[in-house]
Every structure is written in structure tokens, then in C-alpha cells.
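The values are calculated or read from the model by the stated rules, or taken from the named source; none is laboratory data. Since this is a predicted model, take the numbers as computed values, not measurements. Glycine also receives a Cβ, built like all others from the backbone with ideal geometry; neighbour counts cover every protein chain displayed. Calculation scope for accessible area: heavy atoms of the full protein, side chains included, ligands and nucleic acids excluded. Shrake-Rupley method; radii C 1.70, N 1.55, O 1.52, S 1.80 Å.
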Amino acid sequence: MDDAARHHSAPHHSAPHQSTAHHSTPRHSTPHRATPHRATPHAGPHEQERTRTRMRLHVVLPSESAAMAVRDLAGLARQAEELGYAGVWLPDHLLPPGPYGAPPQAYGGVYEPLAALAYLAAGTERIALGTSVLIAPLREPLLLARQSATLARLSGGRFVLGVGVGWQPYEFAAAGVGFGTRGARTDRALRLVRHLHTGAGGPYDDGRVSFDERAVFEPVPEEPVPFLIGGNSDAALRRAAEFGGYWQGVGLTPGEFAERRRWFEREPAAGRSAAGAPHVAAGSRIAWDGPDRTLAEVTSEVADWEAAGAEDLGVWFGTVDGGFADRMRALAEATGVAGGRITL
């Protein structure tokens, strides 16, 4: 969620959007029933709501320094898996107008997240892998569909595509992309990705991308890659309700988060499956990056987020050489993380 707001933190999904684009018959008959993880540690939000299980706890990996060896990043991902965290996440900035470094003064995402997550997939077995978040309107949508489908295959279905519309005009200007149309571009990209991931082909035409029945898309994931939508605006919440999966609020207090989360309850059909059960898992992210806060204080904040209704919480533990691993282990022990969820 680095691009949705200046904050570091994670992820089931609804039926594909029925847009004005032309669609062929999908290969999978019930794509909306797909869940992002097969193993118990990553049970989908439907199951979580029914059983009232505990909040999932995730790790937002450090990606702020080009001097950080990639083996250190991989080592932290393996440690997070061994400690029982639910997922590991990477931020994204394509060409920021300032140095990479610790937020909020600098930017995260020094390693391109999709390429880096492919590397991490090879060194892990169970933990979810995702972007928090990818600046979707700066990505070519057909390529994004193939990259995310490939990551799903490489990771054994553990990848979650977290997206935001972006907030830094400089990056859009540098890429030659209109800043004012970023929301519409994001919607079109997500609809195309979901269309292709359900095994549907041509004809398709969304006004920007078009192809006929000769088009072949591979590899089609066993289940469509789930989406995480980052942002606090009504547009972001509407997007999460349309595409399903996960919504991640950014820069909010637990109380503010609880109020925004109620949007799904107020809006007709928003955040609900055909059976009436919520199908958008709401979450957020926080930071614990130094000695200015004690373990007890952070553990208390984690409890506050669970009480506010968060189903997922991502934590950024600072820079890799600033005690990241020690704080990650300490919080896992203090919250009793097991199978991706807190237990204490």
C-alpha cells in the first residue's frame, strides 16, 4: 500500500465484473469461489467470517535500499514463514522523485515487486506472497495479467495482486500516463486480468485493449489471482466490492478503519456474496520501525486492530539493518502467531 498513501501493510474475490466488453465463455465455471490459499494458514475470508477466527498477521518486507542484498530479503521471507506469519508483501514505486528509503520521508519499492516475489516464491513453501501495493495504472494490463498468472503458477497459488491507483503525479508524468484517469485505468486493468484468469478469451474490447477469438492466453491460473485493493476513498471501497478479495485501509487509526469498513454494510450488495456473507476481507498496515515504541505498545495496537474488525494486519518492521528480524520475531512470539493468525 505504499502508493495508496504514504504508509507501509494485506488480502477472496467476487465474481468477474460484467462490463460492456465482449466476453467469450470462461474456462472455469465458478471463478468467484476461488480462494487465494489452499492451506489452513491462508483460509479465505468466507471461512474466517463463519468461524469468527482470529486476525491474520502479515509482514511488509523492507525494500528501501539498493544496498540490501537480495539474499537478505529472501532470508526474511523464510523467517516470516517459519515464525507462522500469514504473508509477506512488497511495495512499489516505478520512478519516484526522491530517494528510496524509510517512509514517510522517502519511498519504498527499490526492488521491482513482481520480479522479487518470483524469487521469493522459489525459497518459500506456504506463506502468501503479495504486492502492497502495485501502482496498477502505470502497468500495461496484458503484461500484468501474464505476470500475475505466472506468479500464481510459480508460487503454487500463493500470490495476491494488491493494487492501488497511485498518489505521486511525478511518476505518471514520467511514464506519460494521465494522472486524472488513473482510477478508470485501474478498473479496466483489473477487469481484463480477471477476464483472462477465468479462462475467457476473445472477442474482448474495453475501449483500450481489444482482441478477437484467435487470442490465446496462458498460463491460466487454476483459480483467478485474488485482488487486494488499497485506499480509503469511496472509489477504492467500491473497487474492492466490485472485484472482491481484500480491502486494505492506509494511514487510519483503528477507529477510523472501523468507520470506513462499515461502508460495506451500508452499501447495497457491497462486500457480500450471493449467500449474503461478507466476501471482502478488510485489513490495514502499521509500522514498528524502532525503539521509540515498546513491544507491549505494539502488541496492544495489534489487539486494537483486531477489535476494530480487521481481518488482516501487515506490519513493516523498519530497515533490514535496523532490527527488522528481531522485531518480527518478538511480535510473533508476543501475539502467538500460528498458522498465519494471532492466538494470544
Original post:
Can you work out the FRET efficiency for the pair Asp212 and Ala122, with r the C-beta to C-beta distance and R0 = 45 Å, to the nearest 0.05?
Top reply: 0.80
Subject >> Solvent-accessible area per residue, Å², over region 87-193 with all protein chains present [probe radius 1.4 Å] >> reply: 35
Original post:
Say each of Ala235 and Glu222 gets a label point 7 Å from the Cα, pointing the same way as Cα to Cβ; how far apart are those two points in nm?
Top reply: 3.7
Subject >> Spin-label model distance (nm) - Thr253 vs Ala66, 7 Å beyond Cα toward Cβ >> reply: 4.0
**OP:** Convert 20 °C to kelvin, take the viscosity as 1.002 mPa s, use the Kirkwood radius over C-alpha pairs of region 112-256 as Rh, and evaluate the Stokes-Einstein diffusion coefficient in µm²/s, rounded to a whole number.
**Re:** 135
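At a 10 angstrom cut-off on C-beta neighbours, averaged per residue, how do the peptides 240-249, 316-325, 134-143, 202-211 rank from highest to lowest?
240-249, 134-143, 316-325, 202-211
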Original post:
Spin-label point model (7 Å from Cα, Cβ direction): what's the Asp292 to Arg78 distance in nm?
Top reply: 3.4
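On the accessible surface of region 185-344, probed at 1.4 Å, how many percent belong to carbon and sulfur atoms?
In region 185-344, the share of accessible area belonging to carbon and sulfur is 50 percent.
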Subject >> Per-peptide average of other Cβ atoms within 10 Å, ordering 175-185, 57-67, 119-129 highest first >> reply: 57-67, 119-129, 175-185
**OP:** Would you work out which of Val220, Val193, Val177 lies farthest towards the positive end of the dipole of region 173-290, given +1 charges on the beta-carbon of Lys and Arg and -1 on that of Asp and Glu, about the Cα centre?
**Re:** Val177
